[in-house]
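Contents: one structure, followed by commentary.
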């Protein structure tokens with residue numbers, strides 16, 4: 001019931017990502033400057049864009065929760081932020097590997113793009129802690145939604161400010177200052193971005209279906225057994 | 001099919017894609033753990049229903065045990 005359309009979505013995701021990475025390795029030319037190591041771009045940048053969009057989506061879901069007081073919106077925000085955090089870990093690690101290969105350093109503290117992404121990641125690392133620190137479910141959901149809205153608004157502002165800042169080393173992917181990308185590279189990048197976005201939506205639906213199924217089993221257990229174990233323990237995750 | 005270049009850059013590209021794969025696999029493993037817990041809970045519910053159909057009230061049984 002909750003996983004409706006999940007199989008089609010999963011197949012579409014697998015097809016798109018496979019096509020994207022096949023194009024990356026067998027069709028797209030090597031970058032003139034960086035050579036083969038630039039292939040990391042097709043993984044790292046879509047992951048970063050989707051992670052940031054996921055954080056913003058979490059903010060929108062949080063706003064919907066504050067507006068409607070419906071716990072399902074809080075769950076949607078929680079799952080979106082949780083998945084974006086996982087992608088953000090991937091962005092930091094793959095970015096660091098790319099930096100080592102291209103620039104000879106694992107990390108550059110004077111590079112605004114890197115540091116700003118780390119700040120966003122650390123900001124969202126407090127989301128789970130905030131949730132866990134509040135025992136009352138209603139307050140937990142409300143405070144978490146306020147956090148999601150504020151942090152979600154911070155993400156695009158932060159991104160815009162960094163793009164306006166003077167670049168030191170990190171390239172501006174979709175900017176025109178460096179002349180943009182050739183057609184093959186742009187097409188491959190867009191397919192990789194679509195694949196990553198589909199992966200995010202698939203995993204989001206999958207986790208939502210899983211959490212809804214757990215909630216239904218707990219409700220049944222409570223109804224059938226009158227079981228105290230059915231009540232969730234103190235947790236950062238929302239319960240329906 | 002062109003062979004992948006096995007120079008210095010190849011190691012970094014392989015490492016980045018392996019990180020992505022590892023993250024996906026860890027996520028799937030965690031979700032599989034949750035699914036098996038859910039299956040166990042469903043099994044307990046089925047047993048409770050079977051006992052109820054056989055004439056026992058599972059909720060009352062629990063009270064007796066307590």
Practice task
Would you mind telling me which numbered condition in (1) over 20 Å from the mean Cα position of the chain (by Cα); (2) farther than 21 Å from residue A:191 by Cβ residue A:31 fails?
Solution key: (2)
Handout entry: Single match in A:23, A:12, A:75, A:83 (criterion: modelled with pLDDT of 90 or more, in a helix (DSSP H, G or I) and surrounded by fewer than 18 Cβ atoms within 10 Å (Cβ to Cβ))
Key = A:12
Handout entry: From A:158, A:212, residue being at pLDDT 70 or above and within 14 Å of chain B (Cβ to nearest Cβ)
Key = A:212
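The values are calculated or read from the model by the stated rules, or taken from the named source; none is laboratory data. All figures in this text were calculated on a predicted structure; none of them were measured in a lab. A quick note on method: Cβ atoms are made from the backbone with ideal geometry, for glycine too, and the neighbour counts reach across all protein chains shown.
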